[in-house]
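Worksheet: one structure, shown below.
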Amino acid sequence: MDQSAAGPAPEEPEQQALFGWSDTSPARSAAHGAFRDSPRARRMLDVREVYAEGAALDSPRGQQIMARLPGVRVTEVESHWRIPSLHGNDGNIARWVRIKTETLVLGVKHTLATRPNGRSADWIAPGPSNGCAMACAYCYVPRRKGFANPITLFTNIEAIVAHVRRHVRAQGPKSEPNQCDPRAWVYDIGENGDCSVDALVCDNTADLVAAFRGLPTAKASFATKFVNPDLLALDPQGRTRVRFSLMPAVDARLLDIRTSPVDERIAAAADFLDAGYEVHFNLSPVVLRPGWQRDWAELLDHLDDVLPARVKEQAAAEIIMLTHNQSLHEVNLGWHPRAEDVLWQPDAQETKRSQNGALNVRYAREIKQQSLVRIEELIADHAPWLRVRYAF
């Protein structure tokens with residue numbers, strides 16, 4: 001893009017260091033009150049406006065959320081999917097991050113369905129949220145919402161939990177091990193959001209963790225890029241798997257906007273394991289650009305250097321290559337064009353229709369396969385203890 005012709009470039013988003021572990025370690029936070037009430041948490045989510053369905057406002061969870069947001073302006077809407085000032089309004093591109101920080105949507109999830117997955121998890125459970133306060137430049141969720149992607153929290157959590165319990169019990173014990181888990185049915189509970197960030201606002205994540213604590217044939221699973229020390233107090237008793245998403249720091253500074261820095265996600269692993277979680281890692285997304293192999297090797301060396309043996313002994317990884325999308329590419333050009341220098345590579349990418357029908361852009365088959373082989377070789381050389389559970 002010719003910046004001289006197009007005018008001044010938008011201000012580049014900054015990777016915010018949300019935590020200083022020297023004074024805000026998980027143990028200290030758990031002992032000194034809820035992290036979600038801290039100034040650091042408010043840098044992530046400082047709600048100034050709520051759009052809500054009437055039924056969501058009237059629900060116990062909706063009332064709990066609003067009690068924590070005194071004085072915040074509320075606009076009642078018919079549907080959390082159809083909010084003209086948010087969805088389909090291309091003027092929101094310039095306010096992409098501000099909307100994520102200051103806007104919250106409350107809705108009721110009417111369609112409760114658990115669908116098979118077989119990759120990261122055995123099943124995808126009906127999620128307690130949609131959207132996120134973070135602003136990762138490659139995120140697939142805003143492709144479906146149109147120009148704005150704040151958190152939508154579903155307040156009928158009792159119905160979601162009841163559905164999951166029924167589904168788990170209907171499966172019975174797992175009869176054969178697979179790459180998801182050797183013994184338990186694994187349910188992804190955070191497909192379209194980040195459960196760690198949701199926990200800054202309400203107890204949906206806590207309710208799901210508590211539900212799986214009582215389901216001995218299953219375990220919950222969610223990926224996160226945000227270290228929320230409040231989750232350490234939820235007592236998962238081994239029935240919830242946290243997958244910390246990792247990538248080289250140089251990629252994260254450019255692409256993982258408003259997330260916890262990668263070193264802090266790694267530093268939290270032992271605390272979460274000791275609190276009763278199973279801790280895995282998502283090496284995701286793998287973005288191909290000059291120097292990618294060197295930087296992934298350095299990240300793997302760092303994992304090997306800093307993780308204690310008890311984390312390594314139970315750890316496993318998912319490798320997920322970058323998937324991008326034409327409409328998201330166009331949105332990013334409006335608020336973070338530098339990200340597209342590495343995300344949008346037409347010479348190396350091809351279009352492919354995803355399982356949900358979206359037309360996405362992925363690395364060409366041969367390039368992708370060669371890259372997956374290479375990153376597995378890097379793991380074998382630099383972190384041989386890290387079992388690869390799934391690669392895509």
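The values are calculated or read from the model by the stated rules, or taken from the named source; none is laboratory data. If you're wondering where the values come from, they're calculated on a predicted model, not measured in any experiment. Cβ atoms come from the backbone with ideal geometry, glycine included; neighbour counts cover every protein chain shown. Just so you know, the surface numbers come from the protein's heavy atoms only, side chains and all, with ligands and any DNA or RNA stripped out. Shrake-Rupley method; radii C 1.70, N 1.55, O 1.52, S 1.80 Å.
Once the 1.4 Å probe is applied to the protein heavy atoms, the range 243-392 comes out at 40 Å² accessible per residue.
Once you have all Cα-Cα distances for the range 148-306, histogram them in 10 Å bins from zero and send the whole-percent values. Bin by bin from 0 Å, the calculated values are 10, 37, 33, 17, 3.
The slack between Gln64 and Ala34, meaning 0.36 nm per residue of separation minus the straight C-alpha distance, is 9.2 nm. In terms of packing, defined here as the mean over residues of other Cβ atoms within 10 angstrom, the peptides 165-178, 199-212 line up highest first as 199-212, 165-178. Using 0.36 nm per residue and subtracting the Cα-Cα separation, the extra length available between Arg115 and Ala364 on full extension is 86.9 nm. Once the chain from Arg42 to Thr75 is taken as fully extended at 0.36 nm per residue, the excess over their C-alpha distance is 9.7 nm. Exceedance of the 31 Å cut-off in Cα-Cα distance is limited, within the set Lys100/Lys312; Lys219/Lys312; Lys225/Lys312; Lys174/Lys352; Lys109/Lys225, to Lys100/Lys312; Lys174/Lys352. Per q in 0.15, 0.26, 0.28 Å⁻¹, report the Debye log10 I(q)/I(0) for the range 338-391, using one uniform scatterer on each alpha carbon and no solvent. With one equal scatterer per Cα and no solvent, log10 I(q)/I(0) is -0.60, -1.00, -1.04. Solvent-accessible area of the chain (1.4 angstrom probe, protein heavy atoms only): carbon and sulfur portion equals 49 percent. For the range 97-219, the Kirkwood estimate of hydrodynamic radius, built from reciprocal distances between every pair of different alpha carbons, is 15.2 Å. If I take all pairs of Cα atoms in the range 266-392, what percentage of them are more than 19 Å from each other? I get 55 percent for the Cα pairs in the range 266-392 exceeding 19 Å. Treating each Cα of the range 165-221 as one equal point scatterer and applying the Debye formula with no solvent, the log10 of I(q)/I(0) at q = 0.19, 0.21, 0.25, 0.26 Å⁻¹ comes out as -0.71, -0.82, -1.02, -1.06.
Summed over all non-identical Cα pairs, the Kirkwood treatment of the range 130-196 gives a radius of 14.4 Å. Take the Kirkwood radius over Cα pairs of the chain, plug it into Stokes-Einstein at 37 °C and 0.692 mPa s, and you get 152 µm²/s for translational diffusion.
Electrostatic bookkeeping for Tyr390 treats Lys and Arg as +1 and Asp and Glu as -1; over the other residues with beta carbon under 13 Å from its beta carbon, the sum is 0. Electrostatic bookkeeping for Arg61 treats Lys and Arg as +1 and Asp and Glu as -1; over the other residues with beta carbon under 13 Å from its beta carbon, the sum is -4. Per q in 0.16, 0.17, 0.21 1/Å, what log10 I(q)/I(0) does a Debye calculation on the alpha-carbon atoms of the range 189-264 return? So the normalised log intensities are -0.59, -0.66, -0.92.
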